[in-house]
Amino acid sequence: MSGFLDGIRCGDCDCNVDWGERRNTIASIAAGVLFFTGWWIIIDAAVMYPLEEDFHRAYHTCGVIATVAFLMINAVSNGQVRGDSYSEGCMGQTGARVWLFIGFMLAFGSLIASMWILFGGFVVPGKPHTYPGIAIFFQNAFIFFGGLVFKFGRTEDLWQ
């Protein structure tokens, strides 16, 4: 039973597409679409629920922090973190690693805070509509995954 999927052939087409040279383009487009979708969802929620008692404007803070984290994570290249291409500056490789760590902490923190807002502000109190809370969570999830795709989906081999 362990090898019942071994006989299935996936992708029998003869299209020889070299994804190696298009990897950066595809990752950048995918990350941009994820980032755009996150902000589009929260704009939709803000338009649908304009009253302060339905959707507090302070809840936008999670999305702003996730956006700052997106920028912080992708401001440092993998070569700088490894120490391959960055030896100058204030703190060198250690500074790049600290910057990346703070960026990831902000990203995870905004994602966790959006879950807290979803459950603590909309689900548990039993409000009649939970869409603003769901929108806050999905905004932060899309921005978070967009940042991961943009950071780890690209390759730096083509830059050198």
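Label the stretch 59-154 by shape, choosing from rounded, prolate and oblate, from the square roots a ≥ b ≥ c of the eigenvalues of the Cα gyration tensor; if a/c is under 1.5 it is rounded, and otherwise prolate applies when a/b is larger than b/c, oblate when it is not. Because a/c hits 1.5 or more and a/b exceeds b/c, the stretch 59-154 counts as prolate. In a fully extended conformation the segment linking ARG97 and MET115 would gain 3.8 nm over its present Cα-Cα distance, using 0.36 nm per residue. Here each label is just a point 7 Å from Cα along the line to Cβ, and for ILE29 and ILE134 those points are 3.0 nm apart. Sorted fewest first by neighbouring Cβ atoms within 10 angstrom, SER114, SER28, SER77 come out as SER28, SER77, SER114. Of the residues LEU51, LEU148, LEU118, the one with the fewest other Cβ atoms within 10 Å heads the list, and the complete ranking is LEU51, LEU148, LEU118.
We did not get these values from a lab; they are worked out from the coordinates using the rules stated. Quick caveat: nothing in here was measured; it's all calculated off a predicted structure. Cβ coordinates were reconstructed from backbone atoms using ideal geometry, including for glycine residues, and neighbour counts include every protein chain displayed.
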